[in-house]
Structure formats: C-alpha cells, structure tokens
Amino acid sequence: MSSSLTRSATFVALAAAAAVTLTACGGGDSDTSSSESKKDDAATHTVKTVMGDVKVNDAPKRVVVLDTDALDSAVTLGVTPVGASTVVEKAPFSTYLPEDKLKDIKPIGVIGEPNLEAINQLKPDLILGSKVRYEKHHKALSAIAPTVFSDTTGPTWRKNFDLHADALGKKNEAKKVVSDYEAHVKRLTDALGGPAKAKETKVGFVRFVEGADTRLYLNDTFVGSIFKDLQVGRPANQDTTGFSLDISPEQIDKANADVIFYSTYGDAKKAKETDTTGGPLWKKLDAVKNKKTFKVDDNLWMLGIGYTGAGQVLDEMEKNYGAAAE
C-alpha cells in the first residue's frame, strides 16, 4: 500500500476512534492521492521536536496552525496558512496581524479543540501546534500531515519561532526577524536611559478579566519575557516565576509599581475594570499618582505571542512609557 493511502487510512481509523465523523476524507480520491504523492516526492528535511523527529517538505505550501504563536510565526515569515484555530468559536483571528494576510484563512476549531475533519479537508502539508494543548490529538493530526509541536507557548515564543522557521524552511529569513527585534529592544532600552536606569523603574502588568480574578502577570509569560528583554525592573511580588498572581479588587494595592500597563478581556464593567480603576485603592498606586498607567490592546498583548506581536508591543511601550520617560 502506498504511504499516502496508509496515511489516509490511519487518519480514518484514529478519527473514528475519537468519535469524529468524517464526511469528506477522500481516502480513495484520485486528486487527494495525486496531491499526497507530490508531497512524498518533494524535497524534505527533518525537524527535531518534543514529540520526536518529523520529516517535512522543504517549502510547505498548505500550512495549518493550531496556536496564535504559530500564526504569528507563519505570517511574520511570509507564509499565509490555509487554516488556523480561533480563541473562541466564530472569533476573528489575531487582529493585530495584517488583515490581507488573514482573509483567506479557514477556521479549523477553537484553540485546544481542533476540528479534524476541517483540517483534513484543507489537505495540509504541515501542521504547527504545541504539546501542552494538543498532545492527545497528535496521532490523529500526524495521520493527516507532518505535525510539528513545540513543548508549550507563552514565554518560550522565541524558541518556538525558531522551530516554526525550521519547519517552514525559513531559517534564513528568521535571522533578520530576530535581528530587527533585538535592535528594537535596544532602541527602547536606550530611550529609557540605558539598562541601569531601566532597572530602577518597576514595571507591572494588570489584566482585568471578565468572569475571573484580576491578574498580575509574572515572569513566565509573553509580557514578562518582553520586560526581561528590556531589562526593566519588576515589583517584588511580580518578579518571580509563574504565570500570574490573581487578586480581587480589594487587593489591587498588590499591583503597585512605578509604571503599570493594563488591559481588559471582555466587558470592562463585568471584568471589574471600571469599578477598580475608579476606586480609591487604584488612585493610591504610585503609577496612577504619577500618571504612568497605560491601557493597552488586550488582543495584542495576550495573543501576539511572536515577533510581529512583540514588535507591536514595543511600539506601544515606546509611544507611552518611552515618551513618559523622556
């Protein structure tokens, strides 16, 4: 049996075991077989991943991305995916990315819950995702196309980008992306007075979340990694490992810092942003008293987990914090 037919048959078996109904797998479709034969004949290279070595085409043309960091990586490197996950059903893709790069992408389920049928119908030649969110789907996804997983997302975004660039056959292009980002970081650090002066200023991040406690973001986050790149100081209770320190509105004094960036997920009133920022405890914070609080784009700062997103975060910091520091 040919490798293409074996892959298709394996996919059907795995998807059936997962109780996924496939109405258009095309296992015996001549067009699908022809397409897969071309993939098998293409030049390939091996990518080392957390799930083992994966052989991928040197220049994948039909890429499906399962995480927002993979979407950022692909678009940053000039690749428009054929399919991508959304944060919630019917939500737009990452709105900070160029609209013309997103308009033809097909949704393939929400993050963590891939629609295997929709993915299979797109006939991808590469799938990018993460072990932390998709490990249980790895076999089914690998039966559809070569599947490259990073270990996790968030603070490992640079390492993930390198992995994505390798899988996409864009390692040379990736070098310039990294170089441009590092130069951007240096410009902003210099604008803040250099590393020593930047370290003297304690910078915090507060996220108001509808349906959950308010979060103070720690070092093991995308935001925390950018603060570390800039060599700015961090409040003692946020300068630690971990994802977030969750607090109630009555504990907002724990957000005290010299500079505070904050964003809101969902409705501002329901997320308690309106009441908290209008209350007496918020007004006692050093950053508030010194007019150094800056509301930023939640979609960008939370979902922009990649070099394009990070560059735009630096732009927002330069516009607000950098200007205030001059």
* To do: Among residues belonging to region 95-120 that are more than 24 Å from Ala59 (Cα to Cα) and under 14 Å from the mean Cα position of the chain (by Cα), point out the one that is surrounded by the most Cβ atoms within 10 Å (Cβ to Cβ).
  => Ile111
* Asked: Where in region 149-208 are there helices (runs of 4 or more DSSP H), lying wholly inside it, with at least 2 residues that are at negative phi and of a type in the set (Ser, Thr, Tyr)?
  -> 171-191
* **Neighbours by Cβ (under 6 Å, 6+ apart or cross-chain): first from region 246-269, within 19 Å of Gly211 (Cβ to Cβ) and in contact (Cβ under 8 Å) with a residue 24 or more places away in the chain; second buried (at least 16 other Cβ atoms within 10 Å of the Cβ) and among the small types (Gly, Ala, Ser)** => Thr264/Ala271
* To do: Report whether or not Ala271 is among the small types (Gly, Ala, Ser), touching a Gly at 6+ places or on another chain (Cβ under 7 Å), assigned by TED's automatic domain parsing to the domain that holds Thr201 and crowded, with 17+ Cβ neighbours inside 10 Å.
  => no
* To do: With respect to Thr264, determine if the residue is of a type in the set (Val, Ile, Thr), crowded, with 21+ Cβ neighbours inside 10 Å, at pLDDT 95 or above and closer than 26 Å to Val87 by Cα.
  => yes
* **Selection within region 279-309 - more than 18 Å from Ala268 (Cα to Cα) and either among the hydroxyl-bearing types (Ser, Thr, Tyr) or part of a helix (DSSP H, G or I) (or both)** => Asp286, Ala287, Val288, Lys289, Leu303, Tyr307, Thr308, Gly309
* Considering each of Lys38, Lys55, Lys101, Lys61 in turn, give the residue that is modelled with pLDDT of 90 or more, farther than 26 Å from Lys136 by Cα and basic (Lys, Arg). => Lys101
* Quick one: in region 142-191, of everything that is among the polar types (S, T, N, Q) and out of contact with any Lys or Arg (no Cβ under 8 Å at 6 or more places or on another chain), which residue is farthest from Thr221 (Cα to Cα)? => Ser142
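So, Leu102, is that one in contact (Cβ under 8 Å) with a residue 60 or more places away in the chain and of a type in the set (A, V, I, L, M) or not? Before the answer, list the steps.
Numbers: in contact (Cβ under 8 Å) with a residue 60 or more places away in the chain: no; of a type in the set (A, V, I, L, M): yes.
So Leu102 does not fit the description; no.
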* Answer yes if at least one residue in region 228-238 is part of a helix (DSSP H, G or I), assigned by TED's automatic domain parsing to the domain that holds Pro195, touching a Ser or Thr at 6+ places or on another chain (Cβ under 7 Å) and not β-branched (Val, Ile, Thr), and no otherwise. => yes
* Asked: Do the conditions hold for Lys123, that is, is it part of a loop (DSSP other than H, G, I, E, B), basic (Lys, Arg), within 19 Å of the chain's Cα centre (by Cα) and farther than 29 Å from Phe243 by Cα?
  -> no
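The values are calculated or read from the model by the stated rules, or taken from the named source; none is laboratory data. Given the structure is predicted, the values throughout are model-derived calculations rather than measurements. Every residue, glycine among them, receives a Cβ derived from its backbone with ideal geometry; neighbour counts consider all protein chains shown.
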